[in-house]
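The structure under discussion appears below in the form of structure tokens.
The values are calculated or read from the model by the stated rules, or taken from the named source; none is laboratory data. Note that the structure is a prediction, hence the values are computed from the model and not measured. With ideal geometry, Cβ positions are generated from the backbone for all residues, glycine too; neighbour counts draw on all protein chains shown.
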Amino acid sequence: MGRYKKALTALIVIIVVFAAAVVGMSYWINRTMIDRGVEYTVTSQTSEKIRIDAEEKARIKELDPECAIVLGAGLNDPETPSMMLKDRLDLAVYMYRHKLVPKLLLTGDNGQVHHNEIHVMLNYCLDAGVPSEDIFCDHAGFSTYESMYRADYIFRVERAVVITQYYHLFRALWLADGFGIEALGAASDQQQPYPHQKYRNDRENLARVKDYFMLTVKPKPKYLGDTFPITGDSGEETHGE
């Protein structure tokens with residue numbers, strides 16, 4: 001009986017230590033990156049619903065970003081972005097139209113026949129009037145870690161605005177920093193409830209622990225390949241359409 005009690009005690013200790021590590025690491029990443037989140041206000045739910053205030057625009061212009069990195073966020077169907085992804089794309093298009101970023105780097109999951117985030121993201125931006133030569137596509141952004149690794153290695157990004165929802169923003173910025181990308185973050189939460197957000201928050205805490213170790217070891221992504229510098233004019237070569 002004593003042996004089982006010791007095993008139970010050891011298990012409890014492991015769980016407590018792991019939980020403390022998750023909470024501590026999440027807090028540390030948040031505090032490290034807290035000053036890099038670009039906030040914006042929503043003016044309405046109509047056509048021009050996004051407005052970035054003058055102070056934040058000045059921060060972006062001071063950075064002089066080479067692009068906005070738009071992280072994938074799932075699809076409703078093979079031709080329609082999820083609510084979260086649509087909000088990210090809307091903010092990216094807004095930034096491009098207002099000359100806050102000169103190019104867009106779309107990075108997402110294109111690993112399945114019926115789940116091609118890049119196809120949907122690219123068409124959405126083209127339909128919104130972004131010129132095709134100013135859109136670069138990363139078809140192998142299967143995770144935030146891989147997206148930032150490839151942004152550095154494949155696209156040679158040095159300065160960027162990272163677009164994602166607020167809950168995910170700090171890990172994305174932390175990873176960008178780990179790959180030498182000087183970045184600001186743009187939170188794309190457009191004041192609408194996202195389904196299953198509590199699950200995403202819990203998953204994000206675990207993902208921060210995972211990426212802490214990933215960034216320490218820096219394993220190569222599943223795919224690398226030729227380079228397409230974001231400062232060049234090879235955007236259309238990356239489309240794959």
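The table that follows gives values for the structure above.
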{"item": "Residue in the range 35-58 that is at pLDDT 90 or above and either loosely packed, with under 15 Cβ neighbours inside 10 Å or touching a Gly at 6+ places or on another chain (Cβ under 9 Å) (or both) present", "result": "yes"}
{"item": "In the range 180-229, residue nearest to residue 145 (Cα to Cα) [restricted to those that are in a helix (DSSP H, G or I) and of a type in the set (Asp, Glu)]", "result": "211"}
{"item": "Top-ranked residue of the range 101-119 - restricted to ones that are assigned to a strand (DSSP E or B) and touching a helix residue (DSSP H, G or I) at 6+ places or on another chain (Cβ under 7 Å), ranked as farthest from residue 139 (Cα to Cα)", "result": "104"}
{"item": "Number of positions in the range 120-144 that are out of contact with any Pro (no Cβ under 8 Å at 6 or more places or on another chain) and part of a helix (DSSP H, G or I)", "result": "8"}
{"item": "Meets criteria (modelled with pLDDT under 90 and hydrophobic (A, V, I, L, M, F, W, C)) for residue 213", "result": "yes"}
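Yes/no matrix, rows are residues, columns are (1) surrounded by 22 or more Cβ atoms within 10 Å (Cβ to Cβ); (2) at pLDDT below 90; (3) not in a loop (DSSP other than H, G, I, E, B):
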{"position": "76", "(1), (2), (3)": "no, yes, yes"}
{"position": "86", "(1), (2), (3)": "no, no, yes"}
{"position": "89", "(1), (2), (3)": "yes, no, yes"}
{"position": "95", "(1), (2), (3)": "yes, no, yes"}
{"position": "99", "(1), (2), (3)": "no, no, no"}
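Table: residues versus (1) surrounded by fewer than 19 Cβ atoms within 10 Å (Cβ to Cβ); (2) in contact (Cβ under 8 Å) with a residue 24 or more places away in the chain; (3) under 28 Å from residue 77 (Cβ atoms).
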position: 132; (1), (2), (3): yes, yes, yes
position: 147; (1), (2), (3): no, yes, yes
position: 160; (1), (2), (3): no, yes, no
position: 183; (1), (2), (3): no, yes, no
position: 188; (1), (2), (3): no, yes, yes
